[in-house]
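Colleague: Here it is, the structure, as structure tokens.
The values are calculated or read from the model by the stated rules, or taken from the named source; none is laboratory data. Since the structure is predicted, the reported quantities are computational estimates derived from the model, not experimental observations. Reconstructed Cβ throughout: ideal geometry from the backbone, glycine too, with neighbour counts over all protein chains shown. Ligands, DNA and RNA are stripped out before the accessible areas are found, and what is left, the full protein with its side chains, is counted by its heavy atoms. Shrake-Rupley method; radii C 1.70, N 1.55, O 1.52, S 1.80 Å.
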Amino acid sequence: MGIHHNEEDLLLRLRPATAADATLPEVAIEIMAQVRAYYQIAFKRFVDYIALIIDFNLLKGLDRTIDEALFVGLSLGKHDVRERASNFLKEDTDLERRRIILDQDLERFEKACLEFENIPGVRLAGLSDDDDNRVDADSDSDD
């Protein structure tokens, strides 16, 4: 953004002639430097404000409109709010069926494990730490 020689002459012509014309180029350069400094600061502030405005409008705008969007979009102002809310939170029927089946399988497995423990001489691997110690002692005695 430098000032060319032609522009400097034009700026000097705009100023009326005075007795101190000898210092006129230095004064003009000082004025141009001050204007340039002002421009740089103003430009930085402008750019900073753009980011602040975008941030404010996006975040605060969302804050102002999300309540309305949820209220209208989910129809929270109607009479069947409780029923609709419970439907939103309700578990999917396929998942519910699968969970029930898995719970039943787990119960059957646990009952079968208890029945196996009651049979003398039958041990289930991985049931407790004491069982692991007995397995190690049995394998040492076989040698």
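Colleague: Give the lysines whose C-alpha is closer than 27 Å to that of Lys90, dropping any in the same chain fewer than 8 places away, or say none.
Modeller: The reachable lysines, counting only those whose Cα sits under 27 Å from Lys90, are Lys78.
Colleague: Turning to a different aspect of this structure: Quick check: pseudo-label points 7 Å beyond the Cα along Cα→Cβ at Lys78 and Asp94, how many nm apart are they?
Modeller: 2.6 nm
Colleague: At 1.4 Å probe size, with no ligands or nucleic acids counted, give the accessible surface of Thr93 in Å², nearest ten.
Modeller: Taking all protein chains as shown, Thr93 has close to 70 Å².
Colleague: Any idea of Glu91's accessible area? Nearest 10 Å², probe 1.4 Å.
Modeller: 80 Å²
Colleague: Let me see the P(r) profile for region 28-79: every Cα-Cα distance counted, bins of 5 Å, each bin given as a percent of all pairs.
Modeller: The distribution over region 28-79 is 4, 17, 11, 11, 10, 8, 8, 7, 6, 5, 4, 3, 2, 1, 0, 0, given as percents.
Colleague: For region 67-107, what is the accessible area per residue in Å², given a 1.4 Å probe and the full set of protein chains?
Modeller: Using a 1.4 Å probe on heavy atoms only, each residue of region 67-107 averages 92 Å².
Colleague: Calculate the spin-label point distance for Ile54 paired with Glu68, positioning each point 7 Å from the Cα along the beta-carbon direction, and give it in nanometres.
Modeller: Between Glu68 and Ile54, the simple spin-label model gives 2.5 nm.
Colleague: While we're looking at this one, here's another question. With each pseudo-label sitting 7 Å past Cα toward Cβ, what's the Ser86-Leu24 distance in nm, one decimal?
Modeller: Computed distance between label sites Ser86 and Leu24 equals 9.2 nm.
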